[in-house]
Amino acid sequence: ENADTTLNTFNESRSEGEWSAVLQLDWRPNDDWLAYAKYSRGNKAGGFNAGAAMLFLPSAFELGGEILNSYEVGFKATIFGGKARLNASGYYYDYKDFQNFSAQGINLIVFNNDAENIGAEIELVASPMEGLELLLGVAIQDAQQIDLPFAGVTRDRPMANAPDLTFNGVARYEWPVSNGNLAAQIDFSYVDERSVNGIDHPGLLEEEYFVANARLGYSTADGKWEASLWVKNFTDENYVATSFDLSTFIGTEITVPNPPRWFGGTIRYNFF
């Protein structure tokens, strides 16, 4: 008898048609304030999964297109007599057939499920005195995949690489020195706990981290020469960029670390 080869037959072509649109309403009560409301619809085409030895079910070979309906309101304001800018927004993202991903063995498999993200962002940029620039930003979000099955349980699960809280800041001061300018800068960022996989396996939840960098630079008045000394991750934070769970394939988990504390210097010449 001939074996049933239905599961081994892949449809290697696909076509689809979608539309995108943006509608935005702006309101300026005065020269210093702008309030807005925005709706946009975007899409991402589908495709096919592939990988080493095709180590996944044939039903996962093809993935569908993604549609995003986003709604956003916010404002931009110039305050304190022009010495500061304040930007804030709130948003809701409604995903249909969100293109999620999961590491299965040594393959990265993309699949579809619905998702939503609701959040807000606020940013303050200020220059309280000549030569001094300050920036502070905060973002909160609740990004969820809807009714995602895992280990026999179906529930809402966090989207990958979508921490609930992040904030960042920069302080930079520049002053004239000899025939040029000297600038000192420090910046930092905080990222809350996050999943690095569409399936929030406990082994693929990465801890929160706080990273800060510093830089001291000099530039000539004509902008031709620049020289700087810097230290990155001077807090010597131990954190990873992403992880891969290969426990079912080779019995281990692979993590990709970010650099520890490191120092350096840069000299640059601009021809134009």
Report task. Determine, yes or no, whether ILE122 is of a type outside the set (Phe, Trp, Tyr), under 21 Å from SER40 (Cα atoms) and buried (at least 16 other Cβ atoms within 10 Å of the Cβ). Result -> yes
Query raised in the report: In the stretch 83-94, what residues are more than 17 Å from the chain's Cα centre (by Cα), in a strand (DSSP E or B) and either in contact (Cβ under 8 Å) with a residue 60 or more places away in the chain or farther than 12 Å from ILE122 by Cβ (or both)?
Result: ALA84, ASP94
**Report entry** Subset of the stretch 142-175 that is open to solvent by 50 Å² or more (accessible area, probe 1.4 Å) and part of a loop (DSSP other than H, G, I, E, B) - its residue that is modelled with the highest pLDDT
**Finding:** ASP164
**Report entry** Any strands (runs of 3 or more DSSP E) falling wholly within the stretch 222-264 and containing at least 3 residues that are at pLDDT 95 or above
**Finding:** 225-232
**Report entry** Hits in the stretch 203-226 (condition: closer than 19 Å to GLN144 by Cα and open to solvent by less than 20 Å² (accessible area, probe 1.4 Å))
**Finding:** LEU204
Requested in this report: Please go through the stretch 39-79 and pick out each residue that is modelled with pLDDT of 95 or more, farther than 28 Å from TRP19 by Cβ and open to solvent by 30 Å² or more (accessible area, probe 1.4 Å).
Outcome: PHE75, LYS76, THR78, ILE79
**Report entry** Counted residues, the stretch 80-110 - those being open to solvent by 50 Å² or more (accessible area, probe 1.4 Å) and either of a type outside the set (Asp, Glu) or touching a Pro at 6+ places or on another chain (Cβ under 9 Å) (or both)
**Finding:** 12
Report summary line: Over the stretch 178-202, the set of residues touching a strand residue (DSSP E or B) at 6+ places or on another chain (Cβ under 7 Å) and exposed (fewer than 13 other Cβ atoms within 10 Å of the Cβ) is ASN179
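The values are calculated or read from the model by the stated rules, or taken from the named source; none is laboratory data. Because the structure is a prediction, the values reported are computed rather than measured. Using ideal geometry, Cβ is built from the backbone for each residue, glycine included, and neighbour counts are taken over all protein chains shown. Quick note on the areas: whole protein, heavy atoms, side chains included, nothing else; ligands and nucleic acids left out. Shrake-Rupley method; radii C 1.70, N 1.55, O 1.52, S 1.80 Å.
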